[in-house]
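What follows is a set of notes on a single structure, which appears directly below.
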């Protein structure tokens, strides 16, 4: 009998996908990209490997997990580790782009310990949506959390979005007595609190050079989580913390975010978790991680949670300094990365959930939501958010200007090419109404200020016109 | 001014894709996969790297273009070079699979000299459709050529499919006096005839050790091409060639193919080109390469053709021994690989051509075409081909059994889960009719032999029922 000496297998931590599994995964991709497109996303595709120096010093302790290509004469390259750094490199290279919502679905590579049954692989898909550009604080951040909520609504999964803020976390470390140079390393220990009991985390912090007292103080601060409004009230009542500049800047951001989340009607899905730290070095503001509701509840008789089975199924944050590291110009960014393989593992037993697919396929927008008023007007940001959320929820592709007080002209410019506008104004709002305007090239735009409709009929009226 | 020392670029021979370019490319993918699905294809996704030993000794002279991963402790891996070898590895690993039509769209990697403007990159997409399994000779081969014709019909491109046969080519080399151990290397020189003038190819053959006389004799044989029926007549009239076992086996295959291509009504798109050789080692039978009609015509005053601008836009062949090289069991295969980046380069100036998209999205089949008859019946293969071609052309997903004389029971088994069957029988055919049968789980299949319809109304009647 002839036998080959070749080992018939895929490399460690990788697998083949075939048939129905692959079709379910593609359904998941389509469901997610439909949401991205609804939010005005532009697709980007980058090479699977990058110059090694592009990837260097971006991932902290995790850098050792990078796959390097052999030096075969020429450039030194590594497989991409995530989609965020390649996006930042692309932004740095393309000076004409100042604002973009980009999405990318692609495989990334980490030489981590694989656990295939739990959806933890060395080659795995990420599915990223990022908003780049200067906007008023926390508005893009809130939209990202809204995208998260909509993606999991579309996938039929109950989730909790854990949020924290790097400046609050770093400030808390300072107040507890952690020295600046130890902050990132202690941060990475704290981040393990969802996987390890407190005693083990404390031990790791002590091994990293914290005294028993400082470690306990850190533990006291970070081991609390809950409703974002309650947590903010708590933090604000602690004068020792609020006296710290970093903490107080973080609290200001989170207070804005809490308002915006309420306007989107998604604050119940968000939990402010002071132990959330995220491993990657480049985050600078809001950070977040998504767990499924069922998997997030503690198992009886265990101080671990069954989250461990799958881990977080999406994660992201704000990274305002990453693009600037390439020496050209800083562009603040915030984004989310969906772990599609882990989502697949959850959806697999009940594949019918994967088929909740929207029919939207074109990336063009249907509606632009804008606010118009005189010198005194307040921009109606919260109102625009509530309105656009109705549209998004109904599967309608809509955008609005992410500014507290947007100028009328800017909004009209931004709406070019969009067939419909929803226009918010003081008097109309007071009567529970908005104007719905159809853009027609031949029309006299000055004279046509749109049809008055009740806010309650918004989705219905928009759908009539699409 | 702060300046980073980091080079802001993608690695040599790679590029980013963004926005409309990417959407056009996705349209191309969708158009192509719709055709694949119409032919009953199953999707497969394999890791971007494979164990190096899996890829070894499959690519002849091109092996030096492989990207290797650095040895970081553990397995030695290389980036995939094509999608064919990973498919063969998958077949060898999955012993339960004896017959499959699989498709895969993914990036492959070759450290070749890049020419980005002409769509020649080091990281590029391939889009593969392969039929694996033992069937009657040349039937799957003809279906692959039919898939090629349909893909380019859907993309709106006029093409020529150049075909040749490895056994004819190798036999011709023998007859001309090329020794066995030189055949693959001389074959690779001959393959350059579409890019280099004869004198340069001859020089290369002489450098590779052929005498002037032998080189000229090779040149005399391989420098002819044309209609497949004419070329076959020519070959058959050359007794020196037909006396060679290899040539004569190749002629038998090509004669069958010619018949099948006529049944599909696509023989006008096929040119039998004796100089076509294909570089890769693993081909064992029919080989083919697709060029666009316009790009394939010689430029005035030049002995080169403008094909050089883009090169072949799809290529493939039969590889009956590759799966067996992994030491388990041999599975004969034939397949096609579409060079999507080159197709993109051609479609780019007129993007509206990229939007001819079929609406089919599910991978299930609509119709199974079968033949039924008594002991004497001939299987109606050509008739089934002509019928199924009508269905495919109309965008209907259909399959049939790739056997000259299929058994009734086998065909009914193969049609399980397919809602409609077109049944071909002697008497009906004589009257220009077929039976159209709707499979209903609750029905008494014995009693319902289907409705008689005219062959001319086939597509119309099927569409009524879908």
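Throughout, read-outs are computed from the coordinates displayed, never taken from laboratory work. Worth saying up front: this structure is predicted, and the values here are computed from it rather than measured. FYI the Cβ positions are ideal-geometry reconstructions off the backbone, even for glycines, and counts take in every protein chain you see.
Restricting the calculation to Cα atoms, the range B:1-157 yields a radius of gyration followed by a Dmax of 18.4, 72 Å. Value of Rg to Rh for the range B:82-164, rounded to two decimals, is 1.02; Kirkwood radius and Rg both from alpha-carbon coordinates.
Note on residue A:96 and residue B:99: the model spin-label points, each 7 Å out from Cα along the C-beta direction, lie 5.4 nm apart. Across the range A:231-287, Cα-Cα pairs farther apart than 16 Å form 51% of the total.
Figure legend: label point modelled 7 angstrom from the Cα of residue B:405 along Cα→Cβ; residues of the range B:249-265 with amide N under 19 Å from it are B:256. The Cα-based radius of gyration of the protein assembly as shown, divided by its Kirkwood radius, gives an Rg/Rh of 1.01. For the range A:36-76, the calculated P(r), taken from all Cα-Cα distances in 10 Å bins from zero up to the bin holding the longest distance, is 21, 37, 26, 14, 2 percent. Relative to the longest principal axis of the Cα atoms of chain B, the long axis of helix B:166-176 lies at roughly 50 degrees. Fully extending the segment from residue A:255 to residue A:117, taken as 0.36 nm per residue of separation minus the present Cα-Cα distance, adds 45.7 nm. Compared with the dominant principal axis of the Cα atoms in chain B, helix B:245-264 is inclined by about 50°. Against chain A, whose longest principal axis comes from its Cα atoms, helix A:20-38 is set at around 40 degrees.
When each of A:392, A:198 is scored by the number of other beta-carbon atoms lying within 10 Å, the sequence from fewest to most is A:198, A:392.
Rg and Dmax, both from the Cα atoms of the range B:166-298 and both in Å, are 14.6, 44. Once the C-beta distance of residue B:195 and residue B:466 is scaled by a Förster radius of 56 Å, the resulting FRET efficiency is 0.75 to the nearest 0.05. Relative contact order, whole percent, for the range A:367-464 stands at 28, derived from Cα pairs under 8 Å and 6 or more residues apart. Expressed per residue, the C-alpha convex hull volume of the range A:172-216 stands at 62 Å³. Among B:224, A:146, B:77, sorting on how many other beta-carbon atoms sit within 10 Å of each Cβ, with the fewest leading, yields B:224, A:146, B:77.
Altogether, the Stokes-Einstein calculation at 4 °C and 1.567 mPa s, with the Kirkwood radius of the range A:116-215 over Cα pairs as Rh, returns a diffusion coefficient of 77 µm²/s.
With the simple model of a label 7 Å out from the Cα in the direction of the Cβ, residue B:203 to residue B:393 spans 4.8 nm.
Modelled this way, with points 7 Å down the Cα-to-C-beta line, the labels at residue B:232 and residue A:375 are 8.9 nm from one another.
Of A:333, A:127, the sequence from fewest to most neighbouring Cβ atoms within 10 angstrom is A:127, A:333.
Most simply put, the protein assembly as shown has about 80% antiparallel DSSP beta bridges, counting only bridges with both residues inside it.
Decide, for the range A:19-347, between rounded, prolate and oblate: order the square roots of the alpha carbon gyration tensor eigenvalues as a ≥ b ≥ c, take rounded if a/c falls under 1.5, and otherwise choose prolate if a/b is larger than b/c, else oblate. Taking the square roots of the gyration eigenvalues as a ≥ b ≥ c, the range A:19-347 is rounded. The Cα trace of the range A:367-464 gives Rg and Dmax of 12.3, 34 Å, the first to one decimal, the second as a whole number.
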